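Accompanying notes for the structure given below.
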Amino acid sequence: MHSDPRILGYLGRALSLELSAVQMYSTQARLCAAWGLDEPARRLREESLEEMQHADRIIGRMVALGVAPNASQLRPAAVGADLMSLLQADYAFELELVQLYYDAATHSARQGLSDDRLFFQTLLEEEQAHARELTTWLAELDRPIGASLDPVLSATVQTSTERAQARISGDADKEGWLNSGQANRRRAQRDLAAQRARNGR
Ligand SMILES: [Fe+2]
Ligand SMILES: [Fe+2]
């Protein structure tokens, strides 16, 4: 058992978020496939596998510390009416992970726990890379989101996360996303056609 209970708390929260990310990306990959967006579906599927590897690493860490993983509550998968809204929700989610790992790595460093700091720092850098990839993807879709990647700016992270989640859940209620397949498909195909036109394909 770890001597610092806060480290166990960070690990527990990380496991819940990583497993939620698996559920989210896997769901979104299926949605994109249903909309006929094969390439986004492939990328989101890859993302879900990466998040599963993160969850596996956290489980490994917990087991090594003699702690039984016990994530019991997953975050509902963020869904939306089009690819843009999915990616914006993903970005907000990645920022939450960035913030968590930043806090965990900072705490570990302050306590002189170098193994823990390294463990969380590596995850932090990988989630920052995910967030950067999403900003690039969103920029390709031509809608800047204007949020900061700097984990120190927690207020910005919090605000953007809450705003994105409120908007996504509002869209989900309003649009009945799961049952409006035709409209979703047409919108998704328009997004893809616009993206292809911009890319000269
Ligand atoms: Fe992750
Ligand atoms: Fe991620």
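A short reminder: the numbers here are calculations on the coordinates, not readings from a lab. None of these values were measured; they are calculated from a predicted model. Cβ coordinates were reconstructed from backbone atoms using ideal geometry, including for glycine residues, and neighbour counts include every protein chain displayed.
Some observations on this one:
- For chymotrypsin sites (Phe, Trp or Tyr not before Pro), no site in region 4-50 is both called loop by DSSP and has at most 11 other Cβ atoms within 10 Å.
- Projected-area average for region 1-118 over all orientations - Cα convex hull basis, square nanometres: 7.2
- Inverse of mean 1/r across different Cα pairs in region 92-136, Kirkwood, Å: 10.4
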